[in-house]
Each structure stands twice: as structure tokens, then as C-alpha cells.
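Here the structure comes first, spelled out in C-alpha cells, and everything after it is commentary.
The values are calculated or read from the model by the stated rules, or taken from the named source; none is laboratory data. These figures come from a predicted structure and were not determined experimentally. When we count neighbours, we look across all protein chains shown, and the Cβ atoms used for this are built from the backbone with ideal geometry, even at glycine.
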Amino acid sequence: MTPWEEVFDEVAELAFSRLGSDEVLNLNFCAEDTRFLRFNRSRVRQVSAVAQATLELELVIGQKHESHTINLSRNSALNRAAVLDTLGTLQAVVPTLPDDPYVSALEHHGTSRVVNTGQLPAPEDVLAFVAAELQDIDLAGLFMAGPVHRANANSLGQRHWFSASSFVFDYSLYSARQKAVKGAYGGADFDPATLRAVIGDSLQALEVMDRERKVLAPGKYRCYLAPAAVHEIMGMLNWHALSAGAHRRGECSLTELVDGTRMLSPKFTLDEDYSLGLSPRFNERGEVFAEKLPLIVDGRLENLFVSSQTAKEYGLPSNFASEDEAPRSPVIATGTLARQDILSELDTGLYLSNLHYLNWSDKTRGRVTGMTRFGCLWVENGEVVGPIADLRFDETLYHLFGTGLLELTDFTESHVEVMTYDQRHVGGKRAPGMLVQDMSFTL
Amino acid sequence: MTFSLTRALDKLSHDADWVGIRHYREQTAFRMARNGQVGRNTTQTQDGMMVEVLKDGQFAYVGTSDLSQAGLQAACDQALSLCRAATRLNLFPFDTSVRPNESGEYVSPVDQPLDELSPREIQARLIELTTRLKAHERIIEASAWAMLTQTRIAFASTGGARWVQDFSIVTRDLIATAKRDTEIQRRSLGMQGRQWGAESLELDTLLIEADRIREQAVELLSAAECPTETTDLILMPDQLYLQVHESIGHPLELDRILGDERNYAGWSFVSPEDFGRLRFGSELLNVSFDPTLPGEMASYAFDDNGVRANKALLIEQGILKRGIGGIESQTRSGLPGVSCARSASWNRPPLDRMANINIEPGESSLADIIAATERGILMHTNRSWSIDDYRNKFQFGCEYAQLIEDGTLTGTLRNPNYRGATVPFWNSLTHVGNADTFEAWGSPYCGKAEPNQAIRVGHAIPVCKFRGIEVFGGAQ
Ligand SMILES: [Zn+2]
């Protein structure tokens, strides 16, 4: 099979050779070869595979620009025809558009190449494992495996390539009373023994879920949020929390923090940290973000994401954020709470393994609502009593990361992105667990 | 295209029990303006085929954008090898009865084809709209966007199915953000998607909306905060459609009830025994699956399993009758369903999706509903939504609300939210608006499935009133 890198280089060379002297072309490329196994009750509900690639061509002529994204394949003749056709359309349309006062000129930001390889399992390996070891268990979830590629190049000579081969088995297990725990095993090198151990941990966690369900009244509770629950709250930071452009447009969800009228806890520190290695550092313009940028330090805002578009519009220095000015590799710093002390420090309250379906109750004031889901427990005097009936919380980020934050754990867990809308997404995040007092539950 | 698809299918070499090819080609232009200037302009063309094979009771799907005969053959070979691997863990053995051999066509009803508007003309209108939206000193940001989609889905199978569907879809929005001191308020048209053509971007109509949106955004700056109380709640169609989507549509999906979605979108509080028995809502509640309503977002003639689409009542006078499940889910569960197996594009397999889920109009006019309200709150335009994985405990937020006292609208309220639980909420339904209040709304972004798929859904909804709902405001 033709490597996707060859496909990209061929169409890039072709497109760059057809530009007029006043035209600059920016290319973004995504590709994957993925096999998907979807499970219900530890059997196969659907099996599918894709070989897919997209190429975004952004043509810039002075202050005018437009982009067009097309599908590519490993068929060179079809690719060449599609690229020339699309470029021709752009060359006809762009001159007819009005000037964009905030377009910032494309530049040559160098070249880079990162290729992470792995030992991926064949679908047969995973099916054999599930058939041999999980037939007495009710498992639902998705296994996916394959290489994922991201690339950028422009007609000024810039070229960046990022490849990662990975697999993820994202699953949940169900008890006889239909209570559930969530688990995941992913990486670059598949090892059946590790999968066995990960599922073993989930099975152990499931035992307590079969105890009598505790129904709690709405109110304020002391809570331990496990790293996976913290990851969900971090996800809300993707919605304009740390975007310089959104702040200027009145869409920022941490307006008061950015304005300096409110702070988070001095224990709370958040970095954008590409040492996670899960996503490329270059953005859709091929600009390369810093290896590490402090966003919030000891509860105070240190940096916002500033894209080149925002920089041009509002006269700010760009830090080469992506166009959406959202975190791509955020990491919350650890605290001092040791794993063995979590239950005793929680004492009496809620142990929240996961949260679900978060959205704003009041966006500009950072107030968030959402549900408990998967492995949420009632704890009394440092002992697990049993699972809870699902509760809805409604609480501000200023409380969760600020006034309510008692301590963070001394360990972290990473979340590798498992989203697959349109294509497999890349990226991830890392967080410790959090002990929070007086978290509000409303329903 | 159907001719070439049929020929490609005939040329495939395989030992499958059944093969289908779905060719999905879609072009979406996204055009935006901000503050009287040109904004983002992007176009996306998706073009690929899903080769679907059935062998020994197991389906497998391989998507490819290599549309040559060799590309389709490679996809077919890979699909057969996946079938052989998966058969040992087959969840349910299917046969060709779940792939009927329908043929026919569907074309979106359009007054003026989308091609008649040039990118330059669309941009000019959007720019003018944002100039109008921004025409007040308190407006700090104004934007207008339109997403224009043209989709062709062609299907052919070894059983003899042959159909083509052509869709013309526009989703659009107008947004104004107002600010005074630390108070920020946002008002919009409410993202509205329908099957229509260039008539959806008729400038004079949209300029009237732009004036209203700008004035209401400014008005919200000095409005009272929505009170915290339990009161009567009137929901306009641009909020109620999402309430229907989250608390009726999703829990009625048969694949959720069968547990397929438990690891991602979630399960359902509805169980198989509830069909024909559960009092889901008050007697005024009639909910339909209606793929035949002209112009609604998800109208079509065939689902992606090739089953012809017809209207059916899901909830009749408050009683749950039928699920949202395609032919595979119906076969697995033995429950009544509808033709709703759909996929988001060429690269994903079809599964149970909502399409158009509507509330049938009732008898009341909006004026009568307001007049019959001693104290209550009327909410417009969704801005936030959240519900648990069984689709029970929900919370919604809206952009704009009005207080009702003694049968009269008495003032504007900001940051309105409400919460409740699904079955008690729908049983508190006291009024259903008449046909004059009935509006077709739709969204391109219903998310579900592993691997994930975002799909277009439509909801045509009258105004409705509910008794005794918890409402509350923002901040704290
Ligand atoms: Zn949905």
C-alpha cells in the first residue's frame, strides 16, 4: 500500500506547481487506516474499517482567502484530478470575495517530522481475547486500531508531518443490577497480559457496584473527583475558557479570572504541555506552539491562547495557538493527597469516578452542570457504602478549581482522545484527582 | 451515477451472501461574516463509498474514497475478511430480509436552487446582516453564518435495491453579543436547519430578524434575573425542539434500549415492556416519526438500510407505542420501529437515528396559552442542554424569557434555566399549540455511536405549556 506520506507529498508538489505569482497555498492533511470493532454484551455488534484522507487547500491572494477540503485516497490519478479541480475552483472564487482585514500572511515556520510507530493488534487478536476471556462478562464498547497522520505544508516551503500508530479499547462493564464501571486500555504496543490486568481492575471495581443503591437528596456534598471526572471538567475549558479572541468577543467562560477580578485556588496550576506526546505541536497554519506554556499558575491567569488571527485583529502577540484557541494538551499539576489517603480524607461524601454531559448553566460566569455516571459511590467514615443513584451537579469552575478545592492527588492519569467524529481525533489531557468541599447537586 | 454504481457492483468478485454499495457525495459551504467584515469561508467535499457485505449472518462495512473498480474490490475483500473474523462473536445472525430491495428517488423541495447564489452574493448578505446586528453601541460582537449543503446518496445491492436521494440543506444563524460593564448577554436566531434552497437566505426577512435580535440582546442587559421558583413554563419551538430531542428522541432509540450505546451515548430508562403501556406524557402528547414533512431537516424516502420511510406515531395520547429503531433493531428486539437506520457519511455504518421527531399540533393559540397563565415564564431559544445517560434528569438553559402575570407578559428575564425529570415533565403538559405555532427546527449535530457520528435531525414543534416546573437564573 502506498504510504500516506507519499500521497501527501505528491499532491502538495502538484498543487504548489500550479500557483500564480500572487497566490500562496496552505495545505492541511489528515489520514488514517482504522479498524473498528463495536461490542455489546461481549459480542460484535458492528465491524468496520476505513481508509480515509482529507486535504484542506487554503488559497490566499493578498487579503482574500478561502479553503476547500476534499477526500483523497491511495489512487494517484483520482487524487491529482481532484486537487487540480479544487484548486481551479478556489482560483476562480477567491478574487471575487471581499478583503479580510484580519488575514495574517502565511510564513515559512520550518519543517518537522515526528513518526511514532507501534505493535498494533489485528482485529483477530482482540476477538480471540474477548472470545476466550470475556464471555461471562457483560461488556460494551469500542476497539479501534491503526495509524493516524496529520500534516501541514505551504507553498513557501514549510512542511510538518506527525504520525502515531495506536489502539484503544474503550469499554464499560455491567453488573447484574445494571450498574456500570468504565475502563480503557490504549497505547502503541498491545499486550494481552496488560489488557487482562486492566479488565481485572474494572471487575474488582464492579463488585461494589452491586451493593444496595444509595439515593441522595440534592444538596452540597464533600466529593472526591477521580482523574477521569476531572478530565470531563477540563473538557469545558475547550469552550472559550482560555481564548483571547473569545474574551474580546464576550464569549469567555472565565471572564472574571481573565479580568483579574476573581482567582482560582493557589493550589491550581494548569499548563499546555506537549511532552504528553499525543498531538502535533503545529497548528493549521503550520505554526509551532511552545513545548510548554503555563496557562494558570497558583490560581492566577498567566497566559491565554492567542492565534495569529486574533493577534492581527486585536493587536496582540500570537503564541501560535490553533484557530479555536482551545487547549490541545492540557495538564493540571499534582498536589499532595496520596492514593491510600483518598477515602479517609474524603471521610463522608461522594466518590465520583466519572461525569457525563457537561454544559453551561451560566457560561460567562463559569457555571457548569452535568451528571454523575459510571462507578460513583457513597462513602461514610472513609468506607465505601455502595453506588449512588445518579445526581445532577450545578457548580462554578471558580468553586471546583477555587474556593471548594481542598487538595489534589500526588498522582495523575492521562486521557487519550477517543473521539471519532468524521475521523479519529488526536490529543489528550492529564490530571490528578481532586478533593472538593460543598459541591452543589440540584437534582 | 446509479448506472455506474450498478455496473461496479456487478463487476465485484466475492462469495458474500449479499453486497451493497452506498455512494455518499456531499458538498458543504460554510460562509460567515463578523462585524460588517468577511469571516470564515470554507467548503468541504466528501466523496466515498461504503461497501457492505453479509456473510454467514455477519455484516461488515469498509469505507473507501478510492472509487476505482480496484478500490471497491479491495474494500469488498477486506469486508469479507472482517466478516470471517467477527462471525465467531456474532451478536445476532442477520439474513437478507433486513436489506429490502426498494427502488426510487427523493429530491428536497426547493424554491430556488442553492447554486443560484454566488459565494460573493452570500458573503455580501451576511456582511449586511452583521452590520445591522451591530448597529447599537452596546453590541460588542455580531456574526452571521450559513452552512449550505448538497448531498447525494446512491445505493445499489446484489438483491436489486436501486435508489438515489438528493438533499439541499441550509443551516443558518444570526448572533449579537451585548455588554455593559461586567454584564454580557447573547441573543441569536437559534441555529436553524431545514431542507430548502437559496430562499433561506432572503435578505429582507433576515434583516427584520437581525433588528429583533440586536434589540433583545441589549434589552437583556437590563432585564431581571430569572427567579428561582416552581411555576408554569411555556416553551417556544426553538427551545422545545431540543427538549423533545433529548428526552423523547434519544430514550426511544431501540439500539439504546438494546444496550448498544451504553459505553458512549448511554442507555435508556425505557424498557421493552414499556411499549404499548407506559404513560409517557399527558393525553395531549402525540409524537410522530415523520420523514414526509416537506422541508423538514431529515425528510427522506429511504433509510440507509434501504427501507422505505413512512410516518408513524411513537406516542399516542401520551401512551408509548413505538420505538425509534430500524429494521435491524426491530428484528433483534421484536419491537415496532420505523425506517431510521442512517449513517453520517460514507465512512460509517448505519444505525438507529432520530430523523424527524415531531409533536403533532394541538388546539391552543399562543395568545390563549398566555391568557390562561396566572403566573409563569415563557422561554425562547436554546443555549444549553444536559441530560443523564438514561435520559431522565435534564437541565436546559435559554437565551431570553418573559414573565407572565395574570395572563399578561409583564417583563423580560435573563439567564433562564429549568430542570426536571422526563416522564413527570411530559405528564405535566397542559397545553399544545395549534398549527399557527408549529415550526420546523433542525440541527446538523446529533452525536451518537462508536465510532462517532454526527447526523442531521429535524423537529417540528408547536408551543407547549407545562405545569409546576423548577426554573432558576444564572450567576450565584
Ligand atoms: Zn442527539
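Scan segment A:49-56 and tell me whether some residue there is part of a strand (DSSP E or B), more than 8 Å from chain B (Cβ to nearest Cβ) and surrounded by 23 or more Cβ atoms within 10 Å (Cβ to Cβ). The answer is yes, given that some residue of segment A:49-56 is part of a strand (DSSP E or B), more than 8 Å from chain B (Cβ to nearest Cβ) and surrounded by 23 or more Cβ atoms within 10 Å (Cβ to Cβ).
Residues in segment B:377-420 that are within 22 Å of the chain's Cα centre (by Cα) and part of a loop (DSSP other than H, G, I, E, B): B:ASP388, B:ASP389, B:TYR390, B:ARG391, B:ASN392. Outside any loop (DSSP other than H, G, I, E, B) and touching a residue at least 60 places away in the same chain (Cβ under 8 Å): does that describe A:LEU216? Against the criterion (outside any loop (DSSP other than H, G, I, E, B) and touching a residue at least 60 places away in the same chain (Cβ under 8 Å)), A:LEU216 does not qualify.
Per the conditions (1) within 16 Å of the ligand (Cβ to nearest atom); (2) under 16 Å from the mean Cα position of the chain (by Cα), the sole criterion not satisfied by B:TRP267 is (2).
For segment A:113-123, the set of residues classified as crowded, with 17+ Cβ neighbours inside 10 Å, more than 22 Å from A:ASP201 (Cβ to Cβ) and more than 9 Å from every other protein chain (Cβ to nearest Cβ) consists of A:LEU120 only.
Of the residues examined, A:GLU272 is one that is in a strand (DSSP E or B) and either on the phi < 0 side of the Ramachandran plot or outside the structural domain of A:GLU58 (by TED's automatic domain parsing) (or both). What do you reckon, is B:ALA198 closer than 30 Å to A:GLU256 by Cα, in contact (Cβ under 8 Å) with a residue 40 or more places away in the chain and away from the ligand (no atom under 16 Å from the Cβ)? It is false that B:ALA198 is closer than 30 Å to A:GLU256 by Cα, in contact (Cβ under 8 Å) with a residue 40 or more places away in the chain and away from the ligand (no atom under 16 Å from the Cβ).
Across segment B:316-341, the number of residues qualifying as within 14 Å of chain A (Cβ to nearest Cβ) and either buried (at least 22 other Cβ atoms within 10 Å of the Cβ) or touching a Leu at 6+ places or on another chain (Cβ under 9 Å) (or both) comes to 7. Does at least one position in segment A:369-385 carry a residue that is over 29 Å from A:ASP210 (Cα atoms), buried (at least 23 other Cβ atoms within 10 Å of the Cβ) and not small (Gly, Ala, Ser)? Looking for residues that are over 29 Å from A:ASP210 (Cα atoms), buried (at least 23 other Cβ atoms within 10 Å of the Cβ) and not small (Gly, Ala, Ser), one finds none in segment A:369-385, hence no.
Inclusion of A:ASP347 among residues that are surrounded by fewer than 23 Cβ atoms within 10 Å (Cβ to Cβ) and more than 30 Å from B:ASN392 (Cβ to Cβ) is not warranted. Right, B:VAL457: modelled with pLDDT of 95 or more, more than 12 Å from chain A (Cβ to nearest Cβ), within 30 Å of B:VAL270 (Cα to Cα) and away from the ligand (no atom under 16 Å from the Cβ) or not? No.
The sole residue among B:ALA475, B:ALA440 that is away from the ligand (no atom under 16 Å from the Cβ) and closer than 14 Å to B:HIS245 by Cβ is B:ALA440. Within segment B:98-130, the residues that satisfy the criterion of being assigned to a helix (DSSP H, G or I) and not aliphatic (A, V, I, L, M) are B:ASP115, B:GLU116, B:PRO119, B:ARG120, B:GLU121, B:GLN123, B:ARG125, B:GLU128, B:THR130.
Yes/no per residue for (1) aromatic (Phe, Trp, Tyr); (2) in contact with an Asp or Glu (Cβ under 6 Å, 6 or more places away or on another chain); (3) modelled with pLDDT of 95 or more; (4) at positive phi:
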{"site": "A:LEU337", "(1), (2), (3), (4)": "no, yes, yes, no"}
{"site": "A:ILE342", "(1), (2), (3), (4)": "no, no, yes, no"}
{"site": "A:TYR351", "(1), (2), (3), (4)": "yes, no, yes, no"}
{"site": "A:SER361", "(1), (2), (3), (4)": "no, yes, yes, no"}
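Where strands (runs of 3 or more DSSP E) sit wholly within segment A:313-411, those with at least 1 residues that are more than 25 Å from the chain's Cα centre (by Cα) occupy A:349-352, A:376-380, A:383-387. Set side by side, the residues B:ASN434, B:ASN417 differ, and just one is modelled with pLDDT of 95 or more and buried (at least 20 other Cβ atoms within 10 Å of the Cβ), which is B:ASN417. The residue that is surrounded by the fewest Cβ atoms within 10 Å (Cβ to Cβ), among those in segment A:124-173 that are part of a loop (DSSP other than H, G, I, E, B) and either under 20 Å from the mean Cα position of the chain (by Cα) or away from chain B (no Cβ under 11 Å) (or both), is A:ASP136. Within segment B:415-437, no residue satisfies the criterion of being among the aliphatic types (A, V, I, L, M) and within 16 Å of the ligand (Cβ to nearest atom). For B:ALA70, the requirement of being free of Cβ contacts under 8 Å to residues at least 40 places away in the same chain, closer than 29 Å to A:ALA128 by Cβ and among the small types (Gly, Ala, Ser) is not met.
Of all residues in segment B:244-257, those being within 14 Å of another protein chain (Cβ to nearest Cβ), within 12 Å of the ligand (Cβ to nearest atom) and in contact with a Phe, Trp or Tyr (Cβ under 9 Å, 6 or more places away or on another chain) number 5. Hey, which of the strands (runs of 3 or more DSSP E) in segment B:131-212, taking only ones fully inside, have at least 3 residues that are crowded, with 19+ Cβ neighbours inside 10 Å and over 20 Å from the mean Cα position of the chain (by Cα)? The qualifying strands (runs of 3 or more DSSP E) are B:139-157, B:162-180, B:183-188. Considering only residues that are small (Gly, Ala, Ser) and closer than 21 Å to B:GLY420 by Cα, look in segment B:270-285 and name the one that is farthest from the ligand (Cβ to nearest atom). Per the criteria, the residue is B:SER282.
Counting the residues of segment B:40-97 that are within 30 Å of A:GLN309 (Cα to Cα) and either within 7 Å of chain A (Cβ to nearest Cβ) or in a loop (DSSP other than H, G, I, E, B) (or both) gives 6. The test for being at pLDDT 95 or above, more than 14 Å from every other protein chain (Cβ to nearest Cβ), more than 16 Å from the ligand (Cβ to nearest atom) and in contact with a strand residue (DSSP E or B) (Cβ under 8 Å, 6 or more places away or on another chain) holds for B:ARG172.
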